[in-house]
Structure formats: structure tokens, C-alpha cells
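Notes for the one structure printed next.
What follows draws every value from the coordinates through simple rules; no lab data is involved. From a predicted model like this one, the values you see are computed outputs, not experimental measurements. Cβ sites come from the backbone with ideal geometry, for glycine too, and all protein chains shown count toward neighbours.
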Amino acid sequence: MTIQTIHSTPFDDQRPGTSGLRKKVRVFEQPHYLANFVQAVFDAIDGIAGKTLVLGGDGRFFNDTAIQIIARMAAAQGCARLIIGQGGILSTPAASHVIRKRGADGGLILSASHNPAGPEEDFGIKYNIANGGPAPEKITEAIYARSRTINSYRILDSVDLDLMQIGNTALGGCAVEIIDPVADYADLMRHLFDFAAIRALFDGGFTMRFDAMNAVTGPYAKAIIEDQLGALPGTVMNAVPLPDFGGGHPDPNLVHAEELVGLMFSSSSPSFGAASDGDGDRNMILGHNFFVTPSDSLAVLAANAHHTPGYRQGIRGVARSMPTSQAADRVADTLGVECHETPTGWKFFGNLLDAGKVTLCGEESFGTGSDHVREKDGLWAVLFWLNLIASRRESVEQIVRGHWRRFGRNYYTRHDYEGVDASLAKAVMTQLKDRQNGLVGQTLAGGTVAYADDFSYTDPVDGSVSTGQGLRFGFEDGSRIVYRLSGTGTVGATLRVYIERYEPDPERHDLDTQSALADLIELADELGDLRNAIARDQPDVIT
Ligand code: G16
């Protein structure tokens, strides 16, 4: 086997976004595109020689091709050990766990998360560090800088690895271990949650559906929910991971998980419904005729963590991304624990988790997780809810309504305008920023503006500062309108508008969310002048 040095020229579009580099498959298929980026990662981390790297992805189209290229590059550059999920499969949280458990130096996770897959759809790659979490900005910026100057990479001239054969093999001088992608993760879950109580729940006739959306969580959910917890066969729907996710859009929300949503909002609904996304880090929680917003889910888990074996000792603190509703803040306040507000992106939770400042984290974008790994974790959230249902003997709706009675309700919605011309979206943000000048103290939609700013975050652990993280319009009663441009899309720009209002009065906890927020929604359209500026009458997706 010879080591080849391949000459290439830099690409200027390899800056990692909110969660790694995400592009159309056709972009990744360009000669040298993936290899250049991987070389930029290796260079930015001072090389891969002597290191252990975990490798896996969500099984989408191009996953196996990419794994073969990365493995041969790592082997050519002195990597000591590669740990790869069988078939090239590892859910994002499982990859995070394997990195931690095996003491690896890092990992490359191949996924474009909830974005559709297939030859004409999306692919992605991100580097996770030794704590199992996404690389912080310092590293992603170094990768980007290197990608702009790179002019060659080294790769082993070898045959493909057999990714299906569990066990040890070698690639040049690099030891390669193909592992069962589910086993370690399932073990971890067994330690965190009361499997006996959940099993008793299912034995007693409790029913659920978990929609794996033909993406990576199918094998994980089948092994844990059906085989280990005893749920009826067929509980996991769309359980077979497919390279194009069955042509679907594996984003677990009310719009894209329509099959599950239809079932949960019908008379034949099971008691509990849940879904995860392409790479298994997102989750949606549903009861019969009842949707739990991700922000509420975080708050409920924080308030009830003591019901589970893994968090029986209580939680140290909670962190949420800035646009996530402030429901969890109220719980933290009551529990007397720390509460942190970070920019969007799971990478910002890593330091807080490592420093033991927080135990639970969550984001409005259907992400919830804890210090058990350094990624958000879809199936973990589902098991947490099952544990709560089993120990409280209440339905999803009863648990959430009880939570609102105790803490008040944060009505919350997100409006997404997708595929907007990037320059128009930028102009909206500039215009909004200008509007913020002198706004504090003024009355808008009957509320007094308490602050109007561009969110910036100083990491309390390493002091790093991240600016330009979203425009906030906050009111004295705690209501907020936030505007942000997504960092995960691959076509044009996605403008996100997040709207929130706190309602302490239990008599007013039954309103439809869009009606409860109607005046703020109107104000948000008006402030952004969205009808004129991007010529859209309504959002593409409302969650
Ligand atoms: C990623 C990040 C999340 C973020 C989400 C949405 O999730 O890991 O932290 O909240 O994107 O980001 P944006 O609003 O910039 O599109 P995932 O599930 O796509 O990896």
C-alpha cells in the first residue's frame, strides 16, 4: 500500500456552520472537496498521527464513500486507531458516547442532521473533540482558515474496508475496529433510566409509537424500546435506515413528521408518540392530541429529573440557547441552580457541561440532552419521558399541564422563512438592527421595550466571546421577539423568527399558541417589514 500525495486547490466555501459543514451531495462529490476539508481538520488539530478517531454517520447517501476516503486519509497520516460503527453507522449521540467511553482524541460525524438525503440532497461532516462534543468555534475557524490555503492531501492507496464485519482489522499501519453501533449506547441508557419501571408500564398495556423516519435511530429504538423495554413489535415505525430516508424529510416536528402527528391527533392514538431525526440527536414528544414544545420539554425534564435513577441526586444547572423559551429559567430559579443562556449551537454547551456547571441542556430546535454525552440526544429524551410517565403515572398532557400550573406557561412559536435570497435576508437583519436604536422604553403592541440588542455571549469557562448571535427585542413582561439567520441550511438563507410570551394565569393556559401570540406575531412581521422585504405573506414552517 502506498501513500499518495494528491495536489488540489482550495475551495472558498468550507466554513463550518452551526453544526459542521453542510452542503449538497453534488458539492461534496466534486473532486477533492471532501478530502480537502478532512485534511483541513487534520491540520487544524496538529495532525492525526498516533491518535484514535471515531468515525460514523447517519447512513445517508455518500456516507460509506466518505468513510472510505476518511479512513484511507487517516491511515496515510499515521492515525493509530480508527473506531467505526458497523456499516458506517453511528447516531450523533452514540458517536459522542463512543468518543468519551473509548478515550478517543476525537471523531468525524457524517450527517446533515434533519436535512433530506439522496444524490440531489444534503450531506455534512463535523469534527467532535475528545470530550465527545462538537468542536468549539476556535477550532472550526482554524479548520476554515486552513481550508483556504490547502494545496494537497495524503491518502493511502488501498482497497475499501469491509464496514459490515464487526471486529479488528488494519489499514496500513492503522488498527481499525468495527463496532456494534448500538451496544454501548444502549448500556448507557440502561444506567440512566429505570428500565424495570418502563417495562412494567408496557407490560400493563401502555402503547406508544416512535417514528425513526427511516433514519439512523431505527436500530437503536428497536433494540431499546421493543427488545429491552418490551414495547409491542411495530412500536418503532419507519425503522429501517435508508440512504435517502425513504424520500422523507427526517425533521421531527409537526410539519415533517406528519404520519406520526396524524396518528397522535386521531381517535386511535397510542398514549405516547415520539420521533427523532436523521442523525438521532433531535426529538419530538407528543401525547394524545398534545404537542410538547421542545422548550417546555426541557423545563419539564429539569423539574422532574429526580424521578430518574441517572439524575436522582438532582441537577447542577440548566442551559438553553438564547432563542429557546425561558420556561427552563423558572425551573432553575425554583430549584436554586445555575441557568445559562448560550448562542444557538450545541457546541456552546460543551464547556458548561465539562465544568460541571449544568446537567441538562436544551434548544427550541427539538434538541434536549445532558452531561451523559456532549451532543443532544433524541432517544435519551424519549426514554426520560417514558421514565417520568412510568414513575408519575400521568399522561404527557397531565404532566405538562401540571407543570404550567406550577411554573406558568411560556407560549412559544418559531416562524421559518426558508430559501430566502441571502442578500435580502441580510438586508432584513440590517434594517432590524437599525430599528433597535433608541427603542428601549418605547411602547410596541402594548408592551414596553426593555432591551433591543444583538445577542453576544461570553463563555464563563474560557472567556471566549461570540457576537452577532441574533437580534433580540425584549419586553418588560418577559415577552420576546428574536430574529436569526439559520446556520444549517444549504439553499439561500433561512430567516427564523422566535416569539414568546409568559402567561402565569392557569385560566389562560388553554389558548391556541398562534392566537395567544397573535399581536406579537403581527409586530414581528411589521418590525421586519417581511411582506415587502422578502415578499412572503407567511412562513414556510411554523413550529
Ligand atoms: C444544529 C445545532 C443546534 C441548532 C440547530 C439549528 O442542530 O446542533 O444546536 O439549534 O442546528 O440551527 P440553525 O437555527 O442555525 O439552523 P442539528 O440537529 O441540525 O445538528
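Tabulated results
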quantity	calculated
Selection from Ser370, Gly234, Val261, by position along the positive dipole direction of the chain (Cβ)	Ser370
Vicinal HN-Hα couplings computed from phi for the stretch 260-267 (Karplus, 6.51 cos²θ - 1.76 cosθ + 1.60; Hz; Gly/Pro x)	5, 4, x, 5, 5, 9, 10, 6
Over the chain: helical MRE at 222 nm, DSSP H runs n ≥ 4 each giving -39500 (n - 2.57), nearest 500	-9000 deg cm²/dmol
Modelled FRET efficiency - R0 60 Å, Ala518 with Asp180, Cβ distances, 0.05 increments	0.75
Enclosed volume per residue, in Å³, of the convex hull spanned by Cα atoms of the chain	140
DSSP-defined beta bridges in the stretch 185-404 - what % are antiparallel, rounded to 5	50
Computed over the stretch 372-526, Cα set: Rg, Dmax in Å	18.5, 52
Within the chain, percent of DSSP bridges classed antiparallel, to nearest 5	70
Pair-distance profile P(r), taking every C-alpha pair of the stretch 183-289, with 5 angstrom steps and integer %	2, 13, 23, 24, 21, 12, 4, 0
Estimated vicinal HN-Hα couplings, Hz - the stretch 428-433 in sequence order (Karplus 6.51, -1.76, 1.60; Gly, Pro = x)	4, 5, 5, 4, 5, 4
Prolate/oblate/rounded call for the stretch 2-180, Cα gyration tensor, a/c under 1.5 rounded	rounded
Amide H partners (placed H, <5 Å) of Leu444, local residues excluded	Val449
Total charge dipole magnitude, the stretch 140-243, about the Cα centre, Cβ charges on Lys, Arg, Asp, Glu only, Debye to nearest 20	340
Point-to-point label distance, Arg392-Gln431, nm (Cα→Cβ direction, 7 Å offset)	4.3
Residues in the stretch 97-111 reached by a label modelled at Ala49 [backbone nitrogen below 12 Å; 7 Å Cα→Cβ]	none
